[in-house]
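A quick write-up on the structure given underneath.
The values are calculated or read from the model by the stated rules, or taken from the named source; none is laboratory data. Here the structure is a predicted model, which means the values were calculated and not measured. Neighbour counts run over all protein chains shown; Cβ positions are idealised from the backbone, glycine included. Protein only, heavy atoms only, side chains kept; ligands, DNA and RNA dropped before computing areas. Shrake-Rupley method; radii C 1.70, N 1.55, O 1.52, S 1.80 Å.
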Amino acid sequence: MRRLFLIFSVGLIVPSAFLVYLGVSSIRAESRLLEKQNAERFGATADALVDQLRLSIQGLGAPFAAAGVNRASYQRLEETFQSDGGFLIVLDQTDKAVHPYRDGAESSKPLPALPEALQRRLDAAEKLEFSQKDFAGAAQEYRALMDDAESLAWRASLLARLAGCWSKLKSWGKAEEAYRDLQARFAAEKNEQGAPWGLMAAIRLGDVYAASGRAELAIDHQLRLLQDLLGSRWPLGASDDRFYIQRVEDALGRAAPRMTPAQRARWDALSHDVHNHWNRAGRTQAWLKSEWPVRQAALRRVGRSDQPTLLWPDAKNALAFFVYPVFDPSSAQRVRTFIVGMRTDSLMTRWKNLLDPAATAGALRYTIHPEQAAEPQDLVRSVPHILPPLQLSVSSVGASVSNQFAARRRTIYIAMVGLAGVVIVVALLVTWIAIQREMEVAELKARFVSSMSHELKTPLSIIDLVSQKLKRGRYESPQDVQEFYGMLTEETTRLKGLIDDVLDFSRVMENRKPYLLSPLDLVPLITATVKRFHESPIAQGHPVLFETSLTVCIVQGNADALSRLLLNLMENAFKYSPPDRVDVRVRLAVEAQHVLLTVEDHGYGIAPEEQAHVFDRFYRARSASQDRPISGTGLGLAIVKNIVDAHHGSITLTSRLHEGSQFGVRLPR
Ligand code: ADP
């Protein structure tokens, strides 16, 4: 039986252990796969984010790629960035600023030398103008020289001198005409100081208007001139810019009393612009002087001086600078470098709007930060086209959907394995207990068979012996015969009792005939049963005391069964008492809800550990095997218990070894 159980357990445990092993290893494999997938997903998303950043930074260059290389287009470009708080600087191929200011070094350039004859004539003309104050003569000479001079610069210069002479002569009409001519033909030509003749002519025209008494026209002209200067219409160096703006402002200041209200309003507005202009001028110049050389060196160091690059500021600055070199397609020479300042916060907002959707979709969190500040568990990518480098760190926001599913699967599997484990353990336990029981029963049955055959054999052999004696007439007196008959009756009664027990038992076990319960009075029933027992051979003349204060005690019961129950208890009380201590008492009392019937003896008693088992079928306690073995089948108390149950009652046992036992039967009233 135990071997069978062992085989059964092993057969159950080994495959379940194998199943658990399979499950655990598949969970492991799955989580490894998920980890790998996550890492790949992270990597892919981080790459995608960085790619978007790269495209966005490259996109900053789009307007420059399309821009022309002239002042008007710079102006337009600058306007697109100004709304973002940025400003534009343009450098030429020698890295000199051409916007918003031309670098000073290039600005003054002497005019080319004149052929000697012309130079002599020019000297003479200048003598006429400055020493002899013959302005008309000088004008004539200048005009003649202008026709003979070949260089455009000289022609422009001579035309300006001519216009100056007409001014000195107060020939306003001719002066105006000459200056307009200068403006129309030589606007882009520069004088020795590097100022364009277009600007010089415009300034002089204003003077002419004022001097000739056309005050309103003069003021309008100056206002327009100021606006042009603020708009960087002419490529001037920073100091020239300042000088000419100052000059026009002074002229306007002098003319202020004669301004119309509309002109005054415009003048006020322009003054405000002048203020901003100086601010910007200062800022641009400071940047070009202090920051740009450092940045340029850094760009060269990393070999990016020829590529569009975003210069990221240090923490205290709010402006980043995007550097965009432009190349001449034919010579592959750098012809311009655009540098635009942009607010970092608006750049960041733009990037956030760009990256957030992808990051949210991938259940990822990302940050853009300077190098080497990433959390250790983050995946880090460096952002291209930025100097000093920025990094993009990616970390997960929580489990992804597939991770959640995997976690749920894992939980379900673990719960199932746990449940299966519990079921297996319980099943094994229950089987073990059942086997244990069966083995006990088997043993008890074996004992029952042996004691039963013994029980049967003793009376049968007595009956056999006595009948032999009677048959052969081996008796001496009629008293002997009487005694023999008595013995025969006694042994037959014992046999009958035995058979009754067995029959009762089988009936009890198979629950064949349920007891029919009807109201009955316990007092006469017990009295009669006690009397009957007292008269039976088992009592051997010892009295049984029935103690009760009741005269009537009605219960729902079966008279036969209850009397059998009492007989069994009394018989045990006698059987398990030493012959010299036979003292059996039966009591009947009433409790709140119950009737209590007790049978008490002062016999061998039952050991505490055996008390729970005495009601089991076939069970016989150690009290049954005293120095003289006491016959029995182990069925009596099982039958008693069954009868009590059938009456919806309960039975209790109080016993002390060597002191006696007390069986209490409670029946509902
Ligand atoms: P048996 O045929 O052995 O008497 P029972 O079912 O009547 O079977 O009793 C079971 C066992 O309980 C007995 O073998 C005996 O050891 C013990 N027992 C029963 N009644 C008493 C008692 N009054 N005093 C001591 N032991 C008892």
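Whenever you get a sec, compute what percent of the accessible area on segment 515-668 sits on carbon and sulfur atoms (1.4 Å probe). Working shown, then result.
Working: 3920 of 7210 Å².
The C+S portion of the solvent-accessible surface of segment 515-668 is 54 percent.
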Within segment 108-174, DSSP-loop trypsin sites (Lys or Arg not before Pro) with at most 13 other C-beta atoms within 10 Å are Lys133, Lys170
Stretch Asp314-Arg143 to full length: gain in nm at 0.36 nm per residue minus the Cα-Cα span?
-> 55.6 nm
Given C-alpha coordinates of segment 403-489, what is the ratio Rg to Rh with the Kirkwood estimate of Rh?
-> 1.72
If you wrap a convex hull around the Cα atoms of segment 515-668, how much volume per residue is inside, in Å³?
-> 108 Å³
With a Förster radius of 41 Å, plug the Cβ-Cβ distance of Arg2 and Leu653 into 1/(1 + (r/R0)^6) and report the FRET value to the nearest 0.05.
-> 0.85
Between Leu364 and residues 5 or more places away or on another chain, the pairs with built amide H atoms under 5 Å apart involve Val397
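Taking all pairs of distinct Cα atoms, average 1/r, flip it, and tell me the Kirkwood hydrodynamic radius of the chain in Å to one decimal place. Walk me through the numbers before you get to the answer.
Details: mean 1/r = 0.0258 Å⁻¹.
When all Cα pairs of the chain are included, the Kirkwood radius is 38.8 Å.
Which percent of the accessible heavy-atom area of segment 1-159 goes to carbon and sulfur, probe 1.4 angstrom?
For segment 1-159, the apolar C and S fraction of the accessible surface comes to 60 percent.
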Pairwise label distance in nanometres, Ser9 with Phe327, each label 7 Å out on the Cα-Cβ vector | 8.3 nm
With all protein chains present, how much of the accessible area of segment 244-389 (probe radius 1.4 Å) comes from carbon and sulfur, to the nearest whole percent?
-> 54 percent
5 angstrom amide H check on Val590, placed H, neighbours 5+ away | Leu596
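Using 0.36 nm per residue of separation minus the Cα-Cα distance, give me the extension gain between Glu483 and Ile412 in nm, one decimal.
17.3 nm
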Any chance you could give the angle, 0 to 90 degrees and rounded to 10, that helix 344-361 forms with the longest Cα principal axis of the chain?
-> 30 degrees
1/(1 + (r/R0)^6) with r = Cβ-Cβ of Ser450 and Glu35, R0 = 41 Å, i.e. FRET efficiency to nearest 0.05, evaluates to 0.05
Solvent-accessible surface ranking, highest first, for Asp480, Asp47 at 1.4 angstrom | Asp47, Asp480
Just read off the accessible area of Leu488 with the full protein assembly in place, 1.4 Å probe, to the nearest 10 Å².
-> 40 Å²
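Could you tally the net charge around Arg472, taking each other residue with its Cβ under 14 Å from the Cβ of Arg472, Lys/Arg +1 and Asp/Glu -1?
Counting the neighbours of Arg472, the net charge comes to 0.
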Can you give the relative contact order of segment 515-668 as a percent, counting alpha carbon pairs under 8 Å and 6+ residues apart?
-> 23 percent
Determine ³J(HN,Hα), in whole Hz, for all residues of segment 92-99 in sequence, where each value follows from phi through the Karplus function 6.51 cos²θ - 1.76 cosθ + 1.60 and θ = phi - 60°; x replaces Gly and Pro.
-> 8, 5, 9, 6, 9, 5, 10, 8
At 20 °C and 1.002 mPa s, the Stokes-Einstein diffusion coefficient in µm²/s for segment 178-262, with hydrodynamic radius from the Kirkwood sum on alpha carbon pairs, is 163 µm²/s
Helix 238-255: inclination vs the chain longest Cα principal axis, degrees, rounded to 10, gives 70 degrees
Please arrange Phe64, Phe405 by accessible surface area, largest first, computed with a 1.4 Å probe and ligands excluded.
-> Phe405, Phe64
If amide H atoms are modeled at 1.01 Å from N in the peptide plane, then the residues at a separation of 5 or more from Gly237, or on another chain, having amide H under 5 Å from its own are Arg102
Once you put a point 7 Å from the Cα of Leu419 and another 7 Å from the Cα of Leu118, both along the Cβ direction, what distance in nm separates them?
-> 10.8 nm
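Per residue, how much accessible area does segment 515-668 have with a 1.4 Å probe, in Å²?
Working: 7210 Å² over 154 residues.
It amounts to 47 Å² per residue over segment 515-668.
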Residue-wise, which Karplus ³J(HN,Hα) couplings in Hz belong to segment 176-188, taking 6.51 cos²θ - 1.76 cosθ + 1.60, θ = phi - 60°, and x for glycine or proline?
-> 4, 4, 5, 5, 4, 4, 4, 5, 6, 8, 10, 3, 8
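First select every other residue whose beta carbon is under 11 angstrom from the beta carbon of Ile386; then total the charges, Lys and Arg +1, Asp and Glu -1.
On the way: positive: Arg54, Arg304; negative: Glu371.
Net local charge, Ile386 excluded: +1.
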Taking a crude spin-label model, label points 7 Å out from Cα along the C-beta direction, the Gln246 to Val20 distance in nm is 9.4 nm
With R₀ set to 45 angstrom, the calculated FRET efficiency between the beta-carbons of Ala188 and Ala48, to the nearest 0.05, is 0.35
Helical contribution to [θ] at 222 nm, DSSP H n ≥ 4, -39,500 (n - 2.57), averaged over the chain, rounded to 500 | -20000 deg cm²/dmol
Please turn the phi angles of segment 521-530 into ³J(HN,Hα) values with the Karplus equation 6.51 cos²θ - 1.76 cosθ + 1.60 (θ = phi - 60°), one per residue in order, whole Hz, x for glycine and proline.
-> 9, 6, 4, x, 4, 5, 4, 5, 5, 4
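Relative contact order, percent, of segment 103-184 when contacts are C-alpha pairs under 8 Å separated by at least 6 residues?
Reported as a whole number, the value is 23 percent.
Using Cα pairs under 8 angstrom and six or more residues apart, how large is the relative contact order of the chain, in percent?
Relative contact order for the chain comes out at 10 percent.
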Residue-normalised accessible area of segment 116-289, given per residue in Å² at a 1.4 Å probe = 50 Å²
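Counting other Cβ atoms within 10 Å, which trypsin sites (Lys or Arg not before Pro) in segment 426-510 have at most 12 and lie in a DSSP loop?
Working: sites: Arg437, Lys445, Arg447, Lys457, Lys469, Lys471, Arg472, Arg474, Arg494, Lys496, Arg507; in loops: Arg474.
Passing sites in segment 426-510 are Arg474.
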Once the piece of chain linking Leu354 and Arg300 is laid out straight, how much longer is it, given 0.36 nm per residue of separation minus the C-alpha distance between them?
-> 16.4 nm
Computed over the Cα atoms of segment 116-289, what is the convex hull's projected area averaged over all directions, in nm²?
-> 11.4 nm²
